[in-house]
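Written out below as structure tokens is the structure these notes cover.
The values are calculated or read from the model by the stated rules, or taken from the named source; none is laboratory data. Keep in mind it's a predicted model, so treat the numbers as computed, not measured. Backbone-built Cβ (ideal geometry, glycine too); neighbour counts: all protein chains shown.
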Amino acid sequence: MTVDGFFAMGGYARYVWPCYALAISVLLWNLWSARRYHAQALKRAQRALAMAGSERS
Amino acid sequence: MWTWFYRLASPPYVYRTAAAFAPWFLLIAGIAIAYGVIDGLVFAPPDYQQGNAFRIIYVHAPAGWLSMFGYTLMAVAGAIGLIWRIKMAHAVSAAVAPIGASFTVLGLVTGSLWGRPMWGTYWAWDPRLTSELILLFLYFGVMSLRAAFEDPARGDRAAALLAIVGVVNVPIIHFSVQWWNSLHQGATVMKFEKSSMPGSMLWPLLAMFLGFMLFFGAMLCMRLRGEVLNRERQSSWVREMLRA
Amino acid sequence: MSVGAGSAMSLVLRRELTLSFRRPDQLLQPLVFFLIVTTLFPLALSPELSLLRDMAPGVLWVAALLASLLSMEGLFKSDAEDGTLEQLALSGQSLGVIVIAKTLAHWLVSGAALVVISPLVATGLAVPIEAFPIMMLSLAMGTLTLSWLGAIGAGLTVGLRRGSVLLSLIVLPLAMPLLIFGANATDRAIGGETAAGALYFLAALCVFTTSLAPLAATAALRITLE
């Protein structure tokens, strides 16, 4: 397969490449979303700890 | 023998173990997906009937599989949480939901893009596509229901029940191509006889399945850690860990 | 004095029906909604009779679905608000029996009522009279299944803010297979073909739901009441 042929995908390029682009996007979104979720949970836990600490003092 | 099961119910154990597994899952997933994409896009021969469009299968089939696997896992975890009242099971169920939903969307859209050159239409109301769409709605229903409760424990239980009720849909999706006259092609990989796909096309597909599954596992681990923290915010082990 | 399950069910059934008939306006609302919604389609699309006949199954079924959903929220709501539901749960009677009785009562005044006025609506949609029996049979089974699905949804969402939207979001995806086969049966009856296959499937759905939904609805209610 030539490089041009690779990108053209036998004429199906406008179906194949969006699929792969979407697939990568979904994988990246999952990565970003999971990390963000954990980070937010961590922040909320730290805030809860700080509030409990300040209550006692 | 059951100690590993009891350990799974322990939040700090889950939190630490998920942290340990995630990077490894991600690494192997990356390798498998990289191999699968390269072999599938470059080296696998074009299909006799579909030409190069068939290469969409390398992202479409794993996505579809994960959408069903994810929902089933969500329902089973919810059932375990309901029956044995294990909070960590509910945490797993909650973590799986958005991941599974995203793969359902991927499956639907890639399927739609594949359908246009193959069947001439972006969408058809055939049993497989319709039941997969219903699966997406069910995912949204479960997530919305969980979020609607002020008491998170009650939200977990309600969402678990709904997930269990909806799991009937999963076998319908899988068997729809057998039971009805469907546009969608029948099973080529998930059957008991020898697969009907030649090796040069099959290996990258298997690699993609493996890669996607491991990626799913990695995402589950990461989200699960967030779910554990949200549920265990007030507990002593979290406080100890944060103080350190 | 202990009350057996059978008398408990008939007691609750009678109570529900009495309460329903005391508020005739609430009783009629879903029916009027059904009438109005089915009128919307000829107005919006086309009054041409052949077109109406083609879309009649879909219009009838979607309207029946939506009308049933409207009244579904009330299944447990008023009893939950004034504490009766908790009393019933604590009464020592099986909660399942109470849920079954309430759902059946609800179906009688909404679903069954819809079936009764469906010929009226169907005439407005140019459905031939020969199709009426199958149409009504399929609607009867369909609305019963829907009442069960709605009971699950109502049990899960009772007491939630914006519970009605969530109820629809939960019930509608579950009701989609029902819609497909019910409308198909009606469509075949209108076209003069045999609707046996679709009716059998609908019946299977109905039996499946009737046997399992009470369990799920009761479990849902227990989760809410805990």
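Structure values in brief
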item: Residue within region C:185-202 that is of a type in the set (Gly, Ala, Ser) and touching a Leu at 6+ places or on another chain (Cβ under 8 Å) present; result: yes
item: Any hit, region C:186-196, residues being in contact (Cβ under 8 Å) with a residue 40 or more places away in the chain, within 15 Å of the chain's Cα centre (by Cα) and assigned to a helix (DSSP H, G or I); result: no
item: Positions within region C:176-185 being among the hydrophobic types (A, V, I, L, M, F, W, C) and either at the interface with chain B (Cβ under 10 Å from one of its Cβ atoms) or free of Cβ contacts under 8 Å to residues at least 24 places away in the same chain (or both), in sequence order; result: C:Met176, C:Ile180
item: Test: residue in region B:208-229 that is of a type in the set (Lys, Arg), out of contact with any strand residue (DSSP E or B) (no Cβ under 8 Å at 6 or more places or on another chain) and at pLDDT 90 or above; result: yes
item: Subset of region B:106-117 (residues that are closer than 15 Å to B:Pro62 by Cα, in contact (Cβ under 8 Å) with a residue 24 or more places away in the chain and facing chain A (nearest Cβ under 7 Å)); result: B:Leu106, B:Thr110, B:Trp114
item: Residue in region A:48-55 that is hydroxyl-bearing (Ser, Thr, Tyr), loosely packed, with under 14 Cβ neighbours inside 10 Å, more than 7 Å from every other protein chain (Cβ to nearest Cβ) and under 21 Å from B:Phe215 (Cβ atoms) present; result: no
item: Leading residue by the ranking (farthest from the other protein chains (Cβ to nearest Cβ)) among those in region B:48-71 that are more than 20 Å from the chain's Cα centre (by Cα) and assigned to a helix (DSSP H, G or I); result: B:Phe54
item: The one condition in (1) of a type outside the set (Val, Ile, Thr); (2) in contact (Cβ under 8 Å) with a residue 24 or more places away in the chain; (3) part of a helix (DSSP H, G or I) that B:Pro45 fails to fulfil; result: (3)
item: Region C:108-132 residues that are under 15 Å from C:Ala56 (Cβ atoms), paired with ones that are outside any helix (DSSP H, G or I) and at pLDDT below 90 (beta carbon under 8 Å, 6 or more apart); result: C:Glu130/C:Gly192
item: Selection status of B:Trp237, within 30 Å of B:Gly115 (Cβ to Cβ) and surrounded by fewer than 23 Cβ atoms within 10 Å (Cβ to Cβ); result: no
item: Of all residues making up region B:210-234, the number that are over 30 Å from B:Tyr35 (Cα atoms), buried (at least 21 other Cβ atoms within 10 Å of the Cβ) and facing chain A (nearest Cβ under 7 Å); result: 2
item: Counted residues, region C:186-214 - those being within 12 Å of chain B (Cβ to nearest Cβ) and within 20 Å of C:Gly153 (Cα to Cα); result: 5
item: Odd one out for C:Leu137, checked against (1) closer than 19 Å to C:Arg14 by Cα; (2) touching a residue at least 60 places away in the same chain (Cβ under 8 Å); (3) part of a helix (DSSP H, G or I); result: (1)
item: Of all residues in region B:72-105 being within 13 Å of chain A (Cβ to nearest Cβ) and of a type in the set (A, V, I, L, M), the one that is surrounded by the fewest Cβ atoms within 10 Å (Cβ to Cβ); result: B:Val105
item: Residue count, region B:118-147 (criterion: within 12 Å of chain C (Cβ to nearest Cβ) and not in a helix (DSSP H, G or I)); result: 2
item: Which numbered condition C:Ile98 misses (of (1) surrounded by 15 or more Cβ atoms within 10 Å (Cβ to Cβ); (2) among the β-branched types (Val, Ile, Thr); (3) closer than 30 Å to C:Leu51 by Cβ); result: (3)
item: Filtered residues of region C:18-42 (kept if over 30 Å from C:Pro57 (Cβ atoms) and at pLDDT 90 or above); result: C:Thr18
item: Per-region count, region C:77-134, residues hydroxyl-bearing (Ser, Thr, Tyr) and part of a loop (DSSP other than H, G, I, E, B); result: 3
item: Criterion (within 21 Å of B:Leu145 (Cβ to Cβ) and either out of contact with any helix residue (DSSP H, G or I) (no Cβ under 7 Å at 6 or more places or on another chain) or surrounded by fewer than 23 Cβ atoms within 10 Å (Cβ to Cβ) (or both)) met by exactly one of C:Leu166, C:Leu205, C:Leu199, C:Leu221; result: C:Leu166
item: All positions within region A:9-44 that are of a type in the set (Phe, Trp, Tyr), within 21 Å of B:Ala101 (Cα to Cα) and more than 7 Å from chain B (Cβ to nearest Cβ); result: A:Trp32
item: Residue within region B:163-172 that is β-branched (Val, Ile, Thr), within 17 Å of the chain's Cα centre (by Cα) and not in a helix (DSSP H, G or I) present; result: yes
item: Selected residue (criterion: farthest from the other protein chains (Cβ to nearest Cβ)) from residues of region C:150-163 that are of a type in the set (A, V, I, L, M) and surrounded by fewer than 24 Cβ atoms within 10 Å (Cβ to Cβ); result: C:Val158
item: Subset of region C:22-49 [without any contact (Cβ under 8 Å) to a residue 12 or more places away in the chain and within 22 Å of C:Thr143 (Cα to Cα)]; result: C:Arg23, C:Pro24, C:Asp25, C:Leu28, C:Val32, C:Ile36, C:Leu40
item: Condition met for C:Met135 (surrounded by 23 or more Cβ atoms within 10 Å (Cβ to Cβ) and either more than 21 Å from C:Thr103 (Cβ to Cβ) or not β-branched (Val, Ile, Thr) (or both)); result: yes
item: Residue check for B:Ala9: crowded, with 17+ Cβ neighbours inside 10 Å, out of contact with any strand residue (DSSP E or B) (no Cβ under 8 Å at 6 or more places or on another chain) and more than 10 Å from chain A (Cβ to nearest Cβ); result: no
